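These notes concern the structure reproduced below.
The values are calculated or read from the model by the stated rules, or taken from the named source; none is laboratory data. Because the structure is predicted, anything quoted here is derived from the model rather than measured. We place every Cβ from the backbone using ideal geometry, glycine too, and count neighbours over all the protein chains shown.
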Amino acid sequence: MNKLLDHNARLIFTHKGFALFILSTLSILALLRFFLFPGFGGDDSEQLVFSQFWSWGYQIRNPPLATWLLIALQQIVGTTSFSIVLLRSLILAGVYALSFKIGEYLYENKCLAALSSGSLLMIFYMGWNTIHGFTHSALVTLFYFATLLMVIVIRQAPSPIKLIFFGIILSLGLIAKYSYLIFALATMAAVASERDLRRYIFSPWVLFGILIPTPIIVPQLQWLLTHAPDGHLINADSSYTIVDIVNQKFLGLFKLIPGAFGFLMPFGLIAVAIFWKSLCHRLNKPEERVIYIKLFERIFFFLLASAAATILIIQSDRLRSHYFFALAPFVTYFFLRFGHAFSSQQKMFFAGMITLTSVGLVTTLVAKYFLEPLVCGHCEDHIPYDEFADQLRQNGFKQGTIFAYFHKDPLAGNLRVKFPQSRVVSAKHPGIIPPAQSFSGQCLLIWPVIGAVEPKSATIRTANLSALNTQISYDHPSKIITAKLPPYYDKAHQLEYILINEGSGRCK
């Protein structure tokens, strides 16, 4: 066993070996996700719908950078379901690369850099949930690590080019995810509190870099202000009493710390189990390391303070899980703060746990394919959209406009990749309508048979009220198509649709 662990550690602790390990893990997970599971969830489906056309914004919840990147990638690989899987894999590869690079700057050897970066696999949201979604969260995590890397690089070898690039990252991070603003402010506050960092980072060159992307930042923020309802973040529910509001905020604050610890699991448990003997060692730390330890600690302090303030202001009793992605750099801090005391044996065992986590992710994804259909009531990832698309073609649909209902199946994005020549509109985002085709086409309204209450009337009503102005009567004849779910084909899934060959309203 020791020989196997030693061989594994020797591989992971080299630059090329770690790169091979991470790229292999991400590639296998991406291929399994693409080939085993025919359906995509809500987040991926939304991106596939939005990427039909370029816009300054698509929804107020998330900025458009991820969608823009998907549009660019689809120009290379085509409008396929693999495009969204590939995009997220490339983003995650960047996250691991930046994390490793930060480790090379901060630690005394590459083994701690590999352990730090590889530990991200052990964070459930980073290792598992990003297989199925969280594209925006993965993208903003890339900017979190890029921000920290630039602070470290500038501190060690400042130059105008690096300062300008740092400013560009600060600016572009805002259109990766709006929550990046909190991380950027926390980082700058932490830098401002440390004189040795402040004199390097606070420079007119950074401001110049921030201003460079303004031709795309300003129109996007204008779009956001135009489309955001007045006070939608801070207005409290008028039915709440003062006691209700106080209880809600207290509950939110109470959940904050457990939520932060929960996000870092199971990394936290594994790290404590292996390194617990070394966590209390008080060894002298070089002044250079102390500066960066203080930087990370102050960033996390400002982040938690901002989170607490957010809970007190917005209409929520808790923070959504994607906000906690800002804590991903905690693994870097952990090895910076304690890694110097870890023994070679401990590092070797932890490297083995990283490899075991990688194998576990692959094994669990395969197991999900075979086991989930046995227990799931609604197997979203197993819906055979290829078969449904074939049946729609056999029943006469060629191309045109597809208006798809969203509950419980994210039909729009899944059908978009099956009919790339058609424009697809989701009932969840009826205002997001791609430009009309230059030719006349058919109008297809489609919805799940089981899901919403009276899904047919809900779909027709939403389509009629949308800018498509379909003008379809509620008693219009419809048809049902059925397909069996893999891999056992013992469960049937049904979709119902209305097909109007000559089109209806602007649905054509």
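Here are the numbers:
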quantity: Where Lys491 falls short, out of the listed (1) in contact with a helix residue (DSSP H, G or I) (Cβ under 9 Å, 6 or more places away or on another chain); (2) surrounded by 13 or more Cβ atoms within 10 Å (Cβ to Cβ); (3) modelled with pLDDT of 90 or more; calculated: (3)
quantity: Hey, Gln47 in contact (Cβ under 8 Å) with a residue 60 or more places away in the chain, under 19 Å from His429 (Cβ atoms) and among the polar types (S, T, N, Q) or not; calculated: yes
quantity: Residue among Ser478, Ser473, Ser504 that alone is of a type outside the set (Lys, Arg), in contact with a Cys (Cβ under 7 Å, 6 or more places away or on another chain) and at pLDDT below 95; calculated: Ser504
quantity: Residue in segment 116-138 that is part of a strand (DSSP E or B) and of a type in the set (A, V, I, L, M) present; calculated: yes
quantity: Top-ranked residue in segment 361-394 [being more than 30 Å from Leu120 (Cβ to Cβ) and either under 21 Å from the mean Cα position of the chain (by Cα) or of a type in the set (D, E, K, R) (or both); ranked as surrounded by the most Cβ atoms within 10 Å (Cβ to Cβ)]; calculated: Glu387
quantity: Only one of Ile402, Ile354, Ile433 that is aliphatic (A, V, I, L, M) and under 30 Å from Leu4 (Cβ atoms); calculated: Ile354
quantity: Residue match in segment 203-214 (condition: closer than 14 Å to Phe301 by Cα, buried (at least 17 other Cβ atoms within 10 Å of the Cβ) and under 30 Å from the mean Cα position of the chain (by Cα)); calculated: no
quantity: Index of the failed condition, Tyr96 passing every other in (1) surrounded by fewer than 20 Cβ atoms within 10 Å (Cβ to Cβ); (2) within 15 Å of the chain's Cα centre (by Cα); calculated: (1)
quantity: Filter result (surrounded by fewer than 17 Cβ atoms within 10 Å (Cβ to Cβ) and not aromatic (Phe, Trp, Tyr)) within segment 43-70; calculated: Ser55, Gln59, Ile60, Arg61
quantity: Any hit, segment 124-137, residues being under 30 Å from Phe208 (Cα atoms) and surrounded by fewer than 18 Cβ atoms within 10 Å (Cβ to Cβ); calculated: no
quantity: Any hit, segment 310-323, residues being surrounded by fewer than 18 Cβ atoms within 10 Å (Cβ to Cβ), aliphatic (A, V, I, L, M) and in contact with a helix residue (DSSP H, G or I) (Cβ under 6 Å, 6 or more places away or on another chain); calculated: yes
quantity: Condition check for Phe50: closer than 18 Å to Val362 by Cβ and in the same structural domain as Gly352 (by TED's automatic domain parsing); calculated: no
quantity: From the options Phe275, Phe325, Phe267, residue that is modelled with pLDDT of 90 or more and more than 23 Å from the chain's Cα centre (by Cα); calculated: Phe275
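Residue-by-condition table, conditions (1) assigned by TED's automatic domain parsing to the domain that holds Gly41; (2) under 22 Å from the mean Cα position of the chain (by Cα); (3) acidic (Asp, Glu):
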site	(1), (2), (3)
Met348	yes, no, no
Thr357	yes, yes, no
Gly396	no, no, no
Pro410	no, yes, no
Ser426	no, yes, no
